[in-house]
Amino acid sequence: MSEPEDAIFKTTGCKWLLPVSGYLGLTLDQVNFLSCQLFALLAAFWFRLYLSPNHASPLVRHAVATLLGIAFLLFCFGWYSTHILAVVAVNYFLIIKADINNVHRYSMVTAMGYLTACHVSRVFIYSYGILSTDFSGPLMIVTQKITMLAFHLHDGMCKKSEQLTSEQKHVAIRVRPSLIEYLSYNLNFLSVLVGPCSNYKDYIDFIEGKHISWRLKQHSGTCNGQNGYDKTPDPSPLNAVCRKLLVCCGCLFIFLFITRSLPITYNVDNHFVGHASFLSRLTYAFFSIQAARPKFYFAWTLADAVNNAAGYGFLGIDESGKPCWDLVSNLHIIGIETATSFKTFIDNWNIQTGIWLKMVCYDRAVKHRLALTFILSALWHGVYPGYYFTFITAIPITIAARAIRRSIRHYFIGSRVLKLGYDIVTWAATQLAICYTVMPFLLLSVEHTMVYYRSMYFHVHIISILAAVVLHQKHKPREPSATNKPAPPDSSSSSSSSSAAACSAQCQPVHSNNKDKVN
């Protein structure tokens, strides 16, 4: 079978753009995905201008958003889209009919169970075969939305206000959603293909036209009288959309002309591993991981631009008086590339997934919160062994990074020169640690992962475990005295909630959603 025919055979989506695929040298799945996202961008502008809350009822906006989303699924995945539609239908039945005291558990088991079954089929049935935009991507986004909505519904209908954190109070759902609201939230064209996941109340506010006015009301500077915020024109997202599209163009250029010249698999090439020096292997690993990021930057930034173009994603007014459109942003590229700690990197990468993990796992786990959160994250990503190597490796690195920072950072903050040197060293250490941690995530298999780890002499594992053990003993907590009581174990969560609440009213230069992620 020829290569074009093989591509047709493996593609369950629409084949209309096959000539474009051949011309661009991209797979048909990639072309279909890109076409849908570009169409979604145009549709989003139309949705904001001609189906605004002033011109169309919430029912019409829900229906149009849902129908376009389903059309995108059918175009990209064909009959595979029934997997996504089925899990949404089953979970709507659960939230309507199931015991509200356990609805969050039922939804988590059902959605995550089905997602895991689909992940298993990719590994064991298709033998590690990965289509460019296989249906598990949208299914992963839908799983986040289904489970987060169920937890928020349980919080709103089963718990008293004093049992909830300020953050949980804000997103709690007091009434079961209607069918069209549920379908629209899960399948809307703005986020059905690549996300991001946002909370249900923010989305409903957007559909009903309250999304921007509520945040303008919180910013006292925009109010002119009792209801002045209602008279203030909605800020235009055009500048934010254009800026994000420019970022997309840059990322696409890097992907097409640089990423392809630095394949990840060369890190485990027998000749390269056997003949290159350790420094050469380390250098290539660093640059190949750096080059692998732009495809994620492109997809997530384009998705953010689509949401903004529709008028969704307004976070507030920043300190300079300019509108901030980062409510549903999934990453901050500058924060990632300049991260001087493992936590800072994680806080700026896949932000909405981090918020979901915090909402459904980290904040609710009684003990072993960090380990359980990393395990859930790995399970959500899939069942490839490389994913588990990545997330298990991240646990001692995170613990060691915290311990090292707590032990030595205060020696360097008194001098500007010392602080600069500290930042440079910690930036290099963070980027190399991320490279080492993420590599199995891209290599996928046990065999390739072990080849890479052996070529690196397991050095990050050894250093992080030794640092965590030694510094843990050094900083072992003493018995609390009457004058020196320890902070409560969830103090970090409390501070993050208060930071998020403050930033809902006033968008800060540092994105508030970073504070909402797993610490």
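The values are calculated or read from the model by the stated rules, or taken from the named source; none is laboratory data. Being a predicted model, the structure only gives us computed values, none of them experimental. Every residue, glycine as well, gets a Cβ built from its backbone with ideal geometry; the counts of neighbours run over all protein chains shown. Heavy atoms of the whole protein, side chains included, go into the accessibility calculation; ligands, DNA and RNA do not. Shrake-Rupley method; radii C 1.70, N 1.55, O 1.52, S 1.80 Å.
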Item to complete: Scan region 405-420 for residues that are in contact with a Ser or Thr (Cβ under 9 Å, 6 or more places away or on another chain) and either more than 26 Å from His472 (Cβ to Cβ) or open to solvent by less than 90 Å² (accessible area, probe 1.4 Å) (or both) and report the count.
Response: 1
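Do any helices (runs of 4 or more DSSP H) lying entirely in region 410-519 carry at least 1 residues that are farther than 20 Å from Phe278 by Cα, touching a Pro at 6+ places or on another chain (Cβ under 6 Å) and modelled with pLDDT under 90, and which ones are they?
Numbers: elements: 416-443, 446-455, 459-474, 491-505.
Passing ranges, in order: 459-474.
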Item to complete: Could you please tell me which pairs satisfy a Cβ distance under 7 Å, a separation of 6+ or placement on different chains, a first residue in region 390-414 that is more than 15 Å from Thr344 (Cα to Cα) and without any contact (Cβ under 8 Å) to a residue 60 or more places away in the chain, and a second residue that is surrounded by 19 or more Cβ atoms within 10 Å (Cβ to Cβ) and of a type in the set (Gly, Ala, Ser)?
Response: Phe391/Ser377; Phe391/Ala378
Worksheet, complete the sentence: Checking Ile334, Ile355 in turn, the sole residue that is surrounded by fewer than 18 Cβ atoms within 10 Å (Cβ to Cβ) and closer than 27 Å to Ile212 by Cβ turns out to be Ile334
Worksheet item: With respect to Thr301, is the statement that it is closer than 30 Å to Ala433 by Cα, surrounded by 21 or more Cβ atoms within 10 Å (Cβ to Cβ) and of a type outside the set (A, V, I, L, M, F, W, C) true?
Response: yes
Worksheet item: Among (1) of a type in the set (Gly, Ala, Ser); (2) open to solvent by less than 20 Å² (accessible area, probe 1.4 Å); (3) out of contact with any Cys (no Cβ under 7 Å at 6 or more places or on another chain), which single condition is Ala285 missing?
Response: (3)
Worksheet item: Give me the pairs: first residue in region 359-384 and in contact (Cβ under 8 Å) with a residue 12 or more places away in the chain, second residue crowded, with 20+ Cβ neighbours inside 10 Å and among the β-branched types (Val, Ile, Thr), beta-carbon distance under 7 Å, and six or more apart or on different chains, which are they?
Response: Val360/Thr147; Cys361/Thr373; Tyr362/Thr373; Tyr362/Val518; Leu370/Thr398; Thr373/Val518; Trp380/Thr143
Item to complete: With the condition kept exactly as written, say whether any residue in region 294-302 is in contact with a Cys (Cβ under 6 Å, 6 or more places away or on another chain) and assigned to a loop (DSSP other than H, G, I, E, B).
Response: no
Item to complete: With the checklist (1) of a type in the set (Gly, Ala, Ser); (2) closer than 19 Å to His211 by Cβ; (3) crowded, with 19+ Cβ neighbours inside 10 Å in hand, flag the one item Ser178 doesn't pass.
Response: (3)
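Assigned to a helix (DSSP H, G or I) and at pLDDT below 95: is that true of Gly13 in this structure?
Values: assigned to a helix (DSSP H, G or I): no; at pLDDT below 95: yes.
Spelling it out, it is not the case that Gly13 is assigned to a helix (DSSP H, G or I) and at pLDDT below 95.
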Discussion item. Would you confirm, using the coordinates I've provided, whether Tyr452 is crowded, with 16+ Cβ neighbours inside 10 Å, within 19 Å of Ile346 (Cβ to Cβ) and touching a residue at least 24 places away in the same chain (Cβ under 8 Å)?
Written reply: no
Discussion item. So for region 27-44 (the condition being surrounded by fewer than 16 Cβ atoms within 10 Å (Cβ to Cβ), more than 25 Å from Met148 (Cα to Cα), over 24 Å from the mean Cα position of the chain (by Cα) and in contact (Cβ under 8 Å) with a residue 24 or more places away in the chain), does at least one residue qualify?
Written reply: no
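Give the residue that is nearest to the chain's Cα centre (by Cα), with candidates limited to residues of region 150-186 that are of a type in the set (S, T, N, Q) and over 23 Å from Gly137 (Cα atoms).
Taking the candidates together, the pick is Gln168.
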